[in-house]
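Q: Here it is: the structure, laid out below.
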Amino acid sequence: FYCKMAQREVHQSGWDSKRCVILLGVILDCIALSSCLTVRQSVRLRVGLLSEMNASDTDELWFPQRLDHFNGADGRVWKQRYFINDTFYRSGGPVFLMIGGEGPANPAWMQYGTWLTYARMLGAFCVMLEHRFYGRSHPTEDLSTDNLRYLSSKQALADLAHFRTVLADQMGFAGNKWVAFGGSYPGSLAAWFRLKYPHLVHAAVATSAPVHAVVNFPEYLEVVRQSLTTHSPECPQLVKKASDTLFEKLKDPKTYDQIAKDFRELHPDGTDLQTGWFLCVDTEVPLV
């Protein structure tokens, strides 16, 4: 239905930047939400209303993190956000470390997820660390090219190692077994964390983790195309056409302001579908 609606709008009005933005947003947003409708009903029966999963009552905590772990002369630090859940912890139990990825750390993970089922069974202490440069964890004042050199998986792994070491000492968890959790890119980090720092982490649960880094990774978008096709064979073509049009427009710097304005109008309140994606991924395909 949404693809047909978008196609009709395009045929009638043409491909200006605003309609490209709306088309991309509407198609992907509606697919994400429609895929979650059945799942959301079952989740609500178990964990209450969706609004409760935003975990607004989960306290934000801040860790003084090093900016550059590989330059001993650089003593700069910044505040990295993390969350904890000690509901299931029993003395001597493991510590579960959920690794944040390329987006804001969702505190809903502190209330729901397969990892909490394991925590309940094993008496684990749960903690989630947000990835540097994402969410509210800002190592630098801006995203200049010079500052983005601090955005790397190497620095992110060192963040995990430093965080784990300091937190273990502060909370008396030095003798506990630590288990890293992550999915997709954070899943890769979990596996690499265990590989690079085996003295700090006992095990890693790497869900859907592409552990072999490659420069060109077309398989990722092939899965997206297949998912779009299940709703309509025309969806992938419409999304591609909108994306190609935006790509061409972005070659002209004069279009930047208008395209940015169009994106802001699509989600004026800054909301996103983070919780919707969270529900779909964690409920339908846990530990793939």
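The values are calculated or read from the model by the stated rules, or taken from the named source; none is laboratory data. In this text, all values refer to a predicted model and were calculated from it rather than measured experimentally. All Cβ positions, even for glycine, are placed from backbone atoms using ideal geometry, and neighbour counts span all protein chains on display. Accessible surface areas use protein heavy atoms only, side chains included; no ligands, DNA or RNA. Shrake-Rupley method; radii C 1.70, N 1.55, O 1.52, S 1.80 Å.
Q: I'm trying to understand the selection: among the residues of the range 187-225, which are among the small types (Gly, Ala, Ser) and open to solvent by 20 Å² or more (accessible area, probe 1.4 Å)?
A: Residues of the range 187-225 among the small types (Gly, Ala, Ser): 187-188, 190-191, 203-204, 206, 208-209, 213.
Scanning the range 187-225 gives Ala191, Ala203, Ala204, Ala206, Ser208, Ala209, Ala213.
Q: Still on this structure, please answer the following. Restricting the first residue to the range 162-186 and requiring it to be buried (at least 17 other Cβ atoms within 10 Å of the Cβ), which pairs with a second residue that is among the acidic types (Asp, Glu) meet a Cβ separation below 8 Å and a spacing of at least six or different chains?
A: Taking only residues 6 or more apart or on different chains, the pairs are Tyr185/Glu102.
Q: Right, another one. Could you figure out which of (1) assigned to a helix (DSSP H, G or I); (2) closer than 24 Å to Ser184 by Cβ; (3) open to solvent by 70 Å² or more (accessible area, probe 1.4 Å); (4) not β-branched (Val, Ile, Thr) isn't true of Ser243?
A: Single failed check for Ser243: (3).
Q: Can you run down the residue pairs with Cβ atoms below 8 Å, 6 or more apart or on separate chains, where the first is in the range 208-232 and farther than 20 Å from Gly182 by Cα and in a helix (DSSP H, G or I) and the partner is hydroxyl-bearing (Ser, Thr, Tyr) and open to solvent by 90 Å² or more (accessible area, probe 1.4 Å)?
A: Hits for this filter: His231/Tyr2.
Q: Residue by residue through the range 112-149, note down the ones that are open to solvent by 10 Å² or more (accessible area, probe 1.4 Å), of a type in the set (D, E, K, R) and assigned to a loop (DSSP other than H, G, I, E, B).
A: Arg136, Glu141, Asp142, Asp146
Q: Still on this structure: Take the range 87-98 and flag every residue that is under 18 Å from Ala180 (Cβ atoms) and open to solvent by 10 Å² or more (accessible area, probe 1.4 Å).
A: We begin by selecting, within the range 87-98, every residue under 18 Å from Ala180 (Cβ atoms); these are 88-89, 93-98.
Residues satisfying the conditions are Phe88, Tyr89, Pro94, Met98.
Q: Please go through the range 99-146 and give me each residue that is aliphatic (A, V, I, L, M) and in contact with a Gly (Cβ under 7 Å, 6 or more places away or on another chain), ordered by number. Lay out the reasoning, then the answer.
A: As a first pass, look at the range 99-146 and keep what is aliphatic (A, V, I, L, M): 99, 105, 108, 110, 116, 119, 121-122, 124, 127-129, 143.
Across the range 99-146, the qualifying residues are Ile99, Ala105, Leu122, Ala124, Met128, Leu129.
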